[in-house]
Each structure stands twice: as structure tokens, then as C-alpha cells.
Amino acid sequence: MQALYPGSFDPLTLGHLDVIERGASLFDQLVVAVLRNPSKNPCFSVEQRLEQIHLATAHLNNVSAAAFDGLTVDFAQDCGSDVILRGLRALSDFEYELQIAHTNKSLAPQLETLFLATATAHSFLSSSVVKEVARFGGSVGHMVPTGVAQDLARLFNQSSRP
Ligand code: ADP
């Protein structure tokens, strides 16, 4: 079975990576899909985010990354995925995720959405928290893969701190 893990990944965090690693052991193939969403005004270009994912998942030979726009269900079907994978951190994620899952089910009944509960160590992590900390010079080495920490340091013009 192939699963699609869609998101903004602006940038990839260790929480995302944990979902990817666990997804990769559950499915034959996992496609990490970066949404091109101009309205979100991202910090990193889609190409940079794909590169971050490639670097961080180099040890996983059944994981690939691709960019997409339009409906997630359309892209899932285009690339032959059976399942949409999403992560859940807290109750606050649940309401939104459930709404999206129901919407996707109404659009493409054959696609299932599967949720992985966050690893407790990563439950506080989000891309926006990471950017906020990095912007003000805080250490993000325990929140993101090494390559992303370097990109954030470059973005905010600081030296990378572990
Ligand atoms: P989106 O903009 O679609 O919410 P994100 O990049 O923020 O995209 O997140 C992609 C998916 O990863 C979402 O399902 C989100 O709930 C999940 N996720 C984000 N951070 C974590 C984390 N720390 N642990 C587990 N899942 C997470």
C-alpha cells in the first residue's frame, strides 16, 4: 500500500519526521507531499522544503517527496495512493483534521485517512513554533533535522546552534 503524507512542512520538524519514519514502516511506499499554497506566505520555497525532506529521509528507501497544488485527494489519486496520512498532536488538531478527513471522504470515498498520534516528545512541535524560536535566536537543534536548523540559521542570519 502507498500512503500520501500531505502538509506545508514550512519547515520540516522532528514531529513530521517521526510521522514519516513510522509511516514508512507501516506502508510499502510513502509520498511526502508539499502543498504549494501561495496564500500561506511561506518562509521556505517549495524547492527548499523538498530538499529538506530529501536530506532528512535519505535513510528511508521507500519515502519520496513531491510538490502539489489543488486538491489533496486529486494528487493522492494521481500518484496512486490508497491512504492519506496525517498526524495528531492535541485536541486542537482533531477538529480541523476530522473536518478535512470527512471532506476528503466525501470527495474520494475509496481513500482512507489514517492518523498517527504524535510521539510525546514532539507533541509541542509545530513549524510556526520553530520559526518563532529561530527568529529570535533560540536554539532549535532539538526540534528540527540538522539541515533545517542550518537553513533557519541562514534565513534569520545567525550561526547554527545545536
Ligand atoms: P498543514 O499546513 O497541512 O497543517 P503541517 O506541515 O503543519 O501542514 O502538518 C502536516 C501534518 O503533520 C498535519 O497532519 C499535522 O497535524 C502533522 N504534524 C505537525 N506537527 C506534528 C508533530 N509534532 N507531531 C505529529 N504530527 C504533526
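The values are calculated or read from the model by the stated rules, or taken from the named source; none is laboratory data. Keep in mind the model is a prediction, meaning the values are calculated, not measured. As a convention, Cβ positions derive from the backbone with ideal geometry for all residues, glycine included, and neighbour counts pool all protein chains shown.
Among the residues here, K131 does not qualify as of a type in the set (K, R), assigned to a helix (DSSP H, G or I) and more than 12 Å from the ligand (Cβ to nearest atom). When you check H102 against the structure, is it more than 14 Å from the chain's Cα centre (by Cα) and at pLDDT 90 or above, yes or no? So H102 passes the test. Can you pull out the residues in the stretch 30-82 that are crowded, with 21+ Cβ neighbours inside 10 Å and assigned to a loop (DSSP other than H, G, I, E, B)? Matches in the stretch 30-82: F44, T57, S81. Please determine whether any residue of the stretch 33-55 is in contact with a Ser or Thr (Cβ under 6 Å, 6 or more places away or on another chain) and more than 9 Å from the ligand (Cβ to nearest atom). Scanning the stretch 33-55, I find no residue that is in contact with a Ser or Thr (Cβ under 6 Å, 6 or more places away or on another chain) and more than 9 Å from the ligand (Cβ to nearest atom), so the answer is no.
Filtering the stretch 128-149 for residues that are of a type in the set (G, A, S), in contact with a Leu (Cβ under 8 Å, 6 or more places away or on another chain) and surrounded by 15 or more Cβ atoms within 10 Å (Cβ to Cβ) leaves a non-empty set. When each of G70, G141, G87, G147 is tested for being small (G, A, S), away from the ligand (no atom under 12 Å from the Cβ) and in contact (Cβ under 8 Å) with a residue 40 or more places away in the chain, the lone residue that passes is G147.
Scoring T13 on the criteria (1) farther than 22 Å from A153 by Cβ; (2) within 11 Å of the ligand (Cβ to nearest atom) leaves a single failure, condition (1).
Filter the stretch 92-124 down to the residues that are assigned to a strand (DSSP E or B) and near the ligand (Cβ under 9 Å from one of its atoms) and list them by number. Please lay out each step first, then the result.
First, the residues of the stretch 92-124 that are assigned to a strand (DSSP E or B): 112-117.
Within the stretch 92-124, F115, L116, A117 meet the criteria.
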